[in-house]
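Note sheet for the following structure.
The values are calculated or read from the model by the stated rules, or taken from the named source; none is laboratory data. Predicted model only: the values in this text are computed from it and were never measured. All Cβ positions, glycine included, derive from the backbone under ideal geometry; neighbour counts span all protein chains shown. The accessibility values were calculated without ligands, DNA or RNA, using every heavy atom of the protein model including side chains. Shrake-Rupley method; radii C 1.70, N 1.55, O 1.52, S 1.80 Å.
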Amino acid sequence: MTYSSYFKQDCRACPRLSEFLCEVKAKYPAYHALPVAPFGDPQAHLLVVGLAPGMHGANATGRPFTGDYAGLLLYQALYDFGYSNQLASTNLADGLQLSNCRITNAVKCLPPQNKPTGDEIKQCNPYLAAEIKTLPKHSVILALGNIAHQAVLRAYGVKSSAAKFAHHVSFELPDGNTLVSSYHCSRYNVQTKRLSMKMLAAVFVTIQNLLSARD
């Protein structure tokens with residue numbers, strides 16, 4: 001099963017998000033303004049999970065972390081560690097390709113103020129669970145931020161108390177995959193120096209070591 005077999009771009013399960021996307025589409029007719037599909041290698045051993053599409057990033061372009069500030073550090077790290085063929089992700093026609101990596105979000109639709117409700121996160125979780133089931137054995141899931149971290153645990157049916165969120169921590173999942181969590185590469189976290197490129201690179205070193213040990 002590939003992600004194209006379960007992802008529904010016409011999903012309207014969350015009324016608040018659906019209504020908001022209609023408003024955004026009316027204001028920005030050229031924007032994607034729909035649920036944003038996962039992007040990358042269908043056979044990837046690394047799944048990166050973000051929070052939700054950004055207004056003028058993934059919501060505009062239709063590709064996760066593309067065209068917004070949050071993608072700057074992430075795509076640089078993916079390029080530096082050999083998962084991407086180019087340093088930046090700007091639009092769907094930029095020629096970007098990922099190898100052994102796929103990117104998705106805990107919530108597939110743009111939420112107002114970038115803040116999905118708890119019910120919206122729960123409603124979208126089956127899509128994340130389905131994505132996780134496509135991963136090969138001994139894969140790594142990188143959760144960017146606490147909401148993504150909690151969403152991965154929910155997808156596995158694991159209580160949040162079993163693995164508290166923190167930056168650069170790892171947790172063995174029930175199926176043998178590993179959850180690695182990091183602060184989100186948001187503009188706020190970068191500008192306040194909560195997260196730096198050096199810190200994110202250290203997380204990717206851990207990911208590479210985990211994947212190399214299981215080859």
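Values computed for the structure shown
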item	result
In degrees, nearest ten, helix 70-80 long axis to first principal axis of the chain (Cα)	40 degrees
Charge tally in the Cβ shell below 15 Å around Ser18, where Lys, Arg are +1 and Asp, Glu are -1, Ser18 excluded	0
Ranked order, Tyr75, Tyr156 - accessible area, probe 1.4 Å, largest first	Tyr156, Tyr75
Euclidean distance between Cα centres, the stretch 150-186 to the stretch 79-139, Å	15 Å
Label-point separation in nm, Glu172 to Gln9, each point 7 Å along Cα→Cβ	4.1 nm
Residues listed by number, the stretch 43-72, amide nitrogen under 17 Å from Ala30 label point at 7 Å toward C-beta	55-63, 66-68
Environment charge of Phe165, counting only residues whose C-beta is closer than 14 Å and scoring Lys/Arg +1, Asp/Glu -1	+4
Solvent-accessible area per residue for the chain (1.4 angstrom probe, square angstrom)	47 Å²
Computed FRET value (nearest 0.05) for Tyr188 with His56, which takes r as the C-beta separation and R₀ as 22 Å	0.90
Hypothetical label at Ser18: residues of the stretch 104-136 whose amide nitrogen lies under 20 Å (7 Å Cα-Cβ projection)	107-113, 115-128
Lys/Arg +1, Asp/Glu -1 at C-beta; the chain dipole; positive extreme among Val190, Thr178, His45	Val190
Cross-link table Lys108/Lys137; Lys8/Lys159; Lys122/Lys159; Lys159/Lys193, entries beyond 19 Å C-alpha to C-alpha	Lys108/Lys137; Lys8/Lys159; Lys159/Lys193
Degrees, to the nearest 10: 118-133 long Cα axis against longest axis of the chain	50 degrees
